[in-house]
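For reference, the structure is listed below as structure tokens.
Any read-out appearing in this document is the output of simple, stated calculations on the displayed coordinates, not a laboratory observation. Everything numeric in this text was worked out from a predicted model, so none of it was measured. All Cβ positions, glycine included, derive from the backbone under ideal geometry; neighbour counts span all protein chains shown.
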Amino acid sequence: MVYTMLGDAEIGKEEPVSIYGVIVDAGHPYKGAKRYICTLKIIDQTLCSRDESEEAVKFSLVTFFAHRMEDLPVVRKIGDIIRVHRAIVKEFKNIKQFTVSLSHSSWCLFHSSDV
């Protein structure tokens with residue numbers, strides 16, 4: 001399995017990518033119009049900057065869509081690590097977004113307290 005760095009993923013490619021990152025913010029799963037949804041903010045070494053002149057922290061969004069709430073990740077705390085297979089790269093409000101439809105994608109959550 002080849003993993004793509006978040007900063008290197010190309011927006012608009014139809015080919016799915018596999019990624020991993022550290023969770024810096026997490027929303028609780030909720031019921032949308034047709035499916036359950038969960039959104040996470042993640043970073044990796046391509047989005048972390050040691051340059052203090054940058055005003056905003058760079059991150060990517062990962063948005064999960066599932067037919068059952070229990071299929072979505074529930075983050076215990078900031079710093080957990082998420083691994084995703086077969087995500088589609090899009091853009092949402094000028095932020096790179098990885099869309100994960102659980103009908104053809106998968107994920108694995110590593111709790112930072114367990115690592």
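Put in line by how crowded their Cβ is, counting other Cβ atoms within 10 Å and starting with the fewest, Arg68, Arg83 read Arg68, Arg83. Using 19 Å as the Cα-Cα cut-off, could you pick out the over-long pairs in Lys58/Lys96; Lys41/Lys90; Lys31/Lys93? From Lys58/Lys96; Lys41/Lys90; Lys31/Lys93, over 19 Å: Lys31/Lys93.
Modelled spin-label separation between Arg68 and Glu14, with each label point placed 7 Å from Cα along the Cα-to-Cβ direction: 3.1 nm.
3J(HN,Hα) couplings calculated from phi for segment 77-87 with the Karplus curve 6.51 cos²θ - 1.76 cosθ + 1.60 (θ = phi - 60°) are, in sequence order, 7, 4, x, 4, 10, 10, 10, 10, 10, 6, 9 Hz; Gly and Pro show x.
Select from segment 1-98 those GluC sites (Glu not before Pro) which occupy a DSSP coil region and have at most 14 other Cβ atoms within 10 Å, ordered by residue number. Answer by residue number: Glu10, Glu14, Glu52, Glu54, Glu55.
Gain on full extension, evaluated as 0.36 nm per residue between Ser103 and Arg83 minus their Cα-Cα distance, stands at 5.6 nm. For the chain, DSSP calls about 85 percent of its internal beta bridges antiparallel.
If one puts a single equal scatterer on every Cα of segment 6-110 and applies the Debye formula without solvent, what log₁₀ I(q)/I(0) results at q = 0.09, 0.11, 0.12 Å⁻¹? Here log10 of I(q) over I(0) equals -0.21, -0.32, -0.38.
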